[in-house]
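Undergrad: Got a structure for you, written out below as structure tokens; questions coming shortly.
The values are calculated or read from the model by the stated rules, or taken from the named source; none is laboratory data. Fair warning: this is a prediction, and the values are worked out from it, not measured in the lab. With ideal geometry, Cβ positions are generated from the backbone for all residues, glycine too; neighbour counts draw on all protein chains shown. Just the protein is used for accessible areas: all its heavy atoms, side chains included, with ligands, DNA and RNA removed. Shrake-Rupley method; radii C 1.70, N 1.55, O 1.52, S 1.80 Å.
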Amino acid sequence: MIKFSNVSLVYPNSTTTVLENLNLEITEGELVLVIGPTGSGKSSLLRLINGLVPHHTGGILAGDVSVNGLSTREVKPGGLAHLIGIVGQNPMNGFVADIVEEELAFAMEALNLPNETMRKRIEEALDFMSLTTLRTRAIATLSGGEQQRVAIASALVMHPKVLVLDEPTSALDPIAAEEVLSILQRLVHDLSITVVIAEHKLERVIGFADRIVYINGDGRTEVGTAAEIMKTSPIAPPIVHLARVLALDNAGLSVRDMRRNTQELRESISISPSNHIAPSTIPVIEIKQLSVTYGSKPALNSITATIFDNEIVAVMGRNGAGKSSLLTSIAGVGSSEVGSIRIHSLDSKKLTGKSRRETIGYIPQEPSDLLYAQSVAKECEQADKDSEIEAGTTFELLNQLVPGISLRTHPRDLSEGQRLGLALSIVLSSNPKVLVLDEPTRGLDYEAKKMLTQILIGFAQSFNRAVVIATHDVELVAELATRVIFLADGDIVADGPTVDVLLSSPAFAPQISKVMSPVPWLTVRDVIAALGQKT
Amino acid sequence: MKKFSLHPLTWWIWSLAIAISVARVNSPIFAIAAVGVMGIIIITQREDAPWGKSFTWTLKVAAWILFFRSAIGVLIGVPIPGTTIFSLPIMPLPHWMPGIRIGGAVTLERLSSALSEGVIICAIIVVFGAAASLTSPHRLLRVLPIYIYEFGVAVVIATSVLPQLVTSVGRIRQAQRLRGQKAKGFSSYKRVAIPLLEESLARSLELAAAMDSRGYAFSRKRSRYRPILWTSRDTAIVLSGVLVIALT
């Protein structure tokens, strides 16, 4: 179906090759997963399939990419529209209509299909993606998962043979992600559509993949079945790390296989390690009966919670549960709120300038919102000046967090992880009493997440600070958080130590805990620690 | 008041008619009246969508233009004799630039003529800004003929990405405020502008790529799933616009 023959790709003004001599043939009805570190060229590989690279981006392409016999050299992306459906990283940015139905019709109208065909296909696609109830809704009012489904549906109306998706679950909560992935699975099995996905959260998708393409970032690629690639790949879901630690060969990639292989181990262990550190009793953030409404829609209903020193609190919940509202209220920039929030008995709304920087550090969903200077050096200088610290301190901090960033680089040219590192070091240079992060892991690979975990734990423990983080990433929460606040429809439905909250909900349980249940271990680290105790 | 579902070109034609009349009448009072009428239409008719929120920004931009236009009109230009309000020092200019003066006496006549010209220019900007704010850019794209493809893409990007940027401005300013920076005043514009430009460029490219990969303008002819109809209400509004031109 898709054929890459001797494909090499270089972007202009770049010294590294993205792909070098890639040969890959994807057959009909195959689900191929593309993995690799951030910035390694996963998106480029996906966009090569329908010719957006190089027709839209420029760059030098050697070799040939053909889909169903059509070479992208000869046909422009528009000419492949009937064959390939492509769904971008952020579907909202690619929508061209206001109403769900019109969005679905757009591509068919462009290809001048007759009206009866359009009606039939739109009905089919709406049914298939369970969107019938949303057909006349404005797209802007839909939730993230629904938007993702609309984007897939509007590709499906063309009856494509190939569906290409760039990180389809990165913005979704675990339940919505599961929905989208099971739909893809159905497309592959029922309609024999060829699907190519790029994804960072391997634990979510690896079970569905027939083959994996691993992109190294320096042009090298490896292609193989999931089991083959996972033997050596540095990028691997927790379950594979567990298998490596326990030295299990052919342990399988699903929770079921892993449980079979670890049965003996689980039975041999009776102790349940209690690594509960007694929480501190010094309150840092006191939230009292906080309510937030947007228009007539309540986002938070009278929430009361106290966050103490030394705690890393993960705020979890489905898309639209009120996580961001809670975070912006804590930071003191929320709107239309009732109730009170005190940080070390200061009202966070009234803080400005220096005292704000020293009280709250806030990392928004897009860390680049904080950056405006023309180079890393200027950015660091500004932070030094703002925090009234010795010149060079911020850069030193940045070097500790993410080594190897050149001072002259433009912040825009940094990778996602490096940019987050820069934003963090700027915020941390003022040594705030509270650090608030709003979904910082979108588009981060495992390496970058590990870095983030280390930074945050180090910050909370060595300075006795409180950290509040909103995220969908269960594995990150398992590694990082000491406490989880679970929101649903603006109410706190669960609040307690990470182990208790995560284990009580199967959808939000991390992989290791599913394998090791009923032993309450959340991460590979827990397992190693416990095994070390035993021997 | 109930929101009418109109043809996407209706408000644009109407705005064009009003803009022509404003230019023809050439009176600041008429221009202010036109802005007022537009304001009322916006308040009652705009949709709760990203482009609906862009009107306040149009007003802000217009106010800035009015300010600069009047300031420059007072400082530079041909002197108009009349009642002197105050005097500015005259900047000497070389003799080969006769008739132009920088500084000098500011007369009431000079000030009022500069102001009234500024008001008229701004009114025209506001009138078109209102049309952009009243019409869904996506619907507008659907009625534009296919052979102006590049123009169509440019229109969609200008009218759909830019209003979304109004939302982005809010988000970026909030983030900057949280960094402890002042979010008001002139110096803050630079801090907002850079992340904003970056985002708008990235978004425009992404939208263009999405349209291209979905076959936009691939076929010379386009079919309509749900045709956008021209109703009698559209005719009535356009006729009222023509009437305004005829009367002025």
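Undergrad: Starting from the Cα-Cα distance between B:Met91 and B:Val169, subtract it from 0.36 nm times their residue separation and give me the gain in nm to one decimal.
TA: 24.1 nm
Undergrad: On to the next question. Report the Cα centroid-to-centroid distance between the stretch A:32-64 and the stretch A:88-136 in angstrom, as an integer.
TA: 26 Å
Undergrad: Moving to a separate point now. Which residue fluctuates the most in chain B, going by a Gaussian network model with Cα springs under 10 Å, if the choices are B:Ser136, B:Ser70, B:Ser213?
TA: Largest GNM mean-square fluctuation: B:Ser213.
Undergrad: Along each of its three principal axes, how wide is the spread of alpha-carbon positions in the stretch A:283-504, in whole angstrom units, largest first?
TA: The principal-axis extents, from largest down, are 47, 37, 33 Å.
Undergrad: If you don't mind, there's one more thing I want to ask. For B:Tyr189 and A:Ala391, what does the FRET efficiency come to when R0 = 25 Å and r is the distance between their Cβ atoms, rounded to the nearest 0.05?
TA: FRET efficiency, B:Tyr189 to A:Ala391: 0.40.
Undergrad: Also, I was wondering about something else. Treat each spin label as a single point 7 Å out from the Cα along the C-beta direction, and report the B:Glu198 to A:Arg186 distance in nm.
TA: 4.0 nm
Undergrad: OK, next. Please list B:Ile100, A:Ile99, A:Ile2 from largest to smallest accessible area, probe radius 1.4 Å, with all protein chains kept in place.
TA: Sorted descending by solvent-accessible area, the residues read B:Ile100, A:Ile99, A:Ile2.
Undergrad: Select from the stretch A:299-340 all residues whose loss of accessible area on going from the chain by itself to the full protein assembly reaches 50 Å² or more (probe 1.4 Å).
TA: Listed by number, the residues meeting the 50 Å² cut-off are A:Val333.
Undergrad: Could you work out, residue by residue across B:192-198, how many beta carbons of other chains sit within 10 Å of that residue's beta carbon, and then give the average as an integer?
TA: 4
Undergrad: Show log10 I(q)/I(0) for chain B at q = 0.08, 0.11, 0.13, 0.15 Å⁻¹, two decimals, from a solvent-free Debye sum over equal Cα scatterers.
TA: Once normalised to I(0) and log-transformed, intensities are -0.45, -0.79, -1.01, -1.16.
Undergrad: For the stretch A:108-143, list whatever residues lose no less than 40 Å² of accessible surface once every protein chain is in place, relative to that chain by itself, with the probe at 1.4 Å.
TA: In the stretch A:108-143, residues shielded by partner chains: A:Glu109, A:Ala110, A:Asn112, A:Arg119.
Undergrad: What ranking of B:Trp96, B:Trp12, A:Trp521 comes out by heavy-atom accessible area, probe 1.4 Å, highest first?
TA: Solvent-accessible surface, decreasing: B:Trp96, B:Trp12, A:Trp521.
Undergrad: On the accessible surface of the stretch A:2-238, probed at 1.4 Å, how many percent belong to carbon and sulfur atoms?
TA: 49 percent
Undergrad: So what is the accessible area of chain A per residue, in Å², with the probe set to 1.4 Å?
TA: Accessible surface, normalised per residue, equals 40 Å².
Undergrad: Chains A and B: how much accessible area gets covered up at their contact, both sides added, probe 1.4 Å, in Å² to the nearest hundred?
TA: It comes to approximately 4500 Å² buried between A and B.
Undergrad: With a 1.4 Å probe and all protein chains kept in place, how much accessible area does A:Arg442 have, in Å² rounded to the nearest 10?
TA: 80 Å²
Undergrad: Then there is this: For B:Phe128, A:Phe106, give the ranking by accessible area with the largest first, probe 1.4 Å.
TA: B:Phe128, A:Phe106
Undergrad: Another question, if that's okay. Please compute the modelled spin-label separation between A:Thr304 and A:Ser280, points set 7 Å along Cα→Cβ, answer in nm with one decimal.
TA: 2.4 nm
Undergrad: Expected output is a single nm value to one decimal: the length gained when fully extending between B:Ile245 and B:Trp57, i.e. 0.36 nm times separation in residues minus the C-alpha distance. What is it?
TA: Using 0.36 nm per residue and subtracting the Cα-Cα distance, I get 64.9 nm.
Undergrad: Please give the helix B:232-247 orientation as an angle from the longest Cα principal axis of chain B, in degrees from 0 to 90, rounded to the nearest 10.
TA: 20 degrees
Undergrad: Also, quick follow-up: In nm, what is the difference between 0.36 nm times the number of residues separating B:Ala71 and B:Thr44 and their Cα-Cα distance?
TA: Here the segment from B:Ala71 to B:Thr44 would lengthen by 6.3 nm.
Undergrad: Continuing with the same structure: Let me check I've understood the local charge: for A:Ser387, count other residues with C-beta under 12 angstrom from its C-beta, Lys and Arg +1, Asp and Glu -1. What total comes out?
TA: Local net charge: -1.
Undergrad: Rounded to a whole number, what % of the accessible area of the stretch A:466-505 do carbon and sulfur atoms account for, probe 1.4 Å?
TA: Summing carbon and sulfur atoms, their accessible area is 52 percent of the total for the stretch A:466-505.
Undergrad: What is the distance, in nm, between label points placed 7 Å from the Cα along the Cα-to-Cβ direction at A:Asn115 and at B:Thr83?
TA: 6.7 nm
Undergrad: Report A:Tyr446's accessible area, 1.4 Å probe, all protein chains in place, as a number in Å² to the nearest 10.
TA: 50 Å²
Undergrad: Given B:Lys53/B:Lys221; A:Lys450/A:Lys514; A:Lys350/A:Lys433; A:Lys350/A:Lys449; A:Lys3/A:Lys42; A:Lys3/A:Lys450, which pairs have Cα atoms separated by over 27 Å?
TA: Violating the 27 Å limit, Cα to Cα: B:Lys53/B:Lys221; A:Lys350/A:Lys449; A:Lys3/A:Lys450.
Undergrad: Sticking with this one: Under a straight-distance cross-link criterion of Cα-Cα below 21 Å, which lysines are reachable from B:Lys190, leaving out those fewer than 8 residues away in the same chain?
TA: A:Lys354, A:Lys378, A:Lys385, B:Lys60, B:Lys182
Undergrad: Something else about it: Roughly how much of B:Cys122 is accessible, in Å² to the nearest 10, using a 1.4 Å probe?
TA: Near enough 10 Å² of accessible area.
Undergrad: Take the alpha carbon atoms of chain A, find their radius of gyration, then divide it by 2.2 N^0.38 Å using N residues; give the quotient.
TA: Chain A yields a ratio of 1.01.
Undergrad: Can you give the helix-only mean residue ellipticity at 222 nm for chain A, where every DSSP H stretch with n ≥ 4 adds -39500 (n - 2.57) and the sum goes over all residues, rounded to the nearest 500 deg cm²/dmol?
TA: About -10500 deg cm²/dmol.
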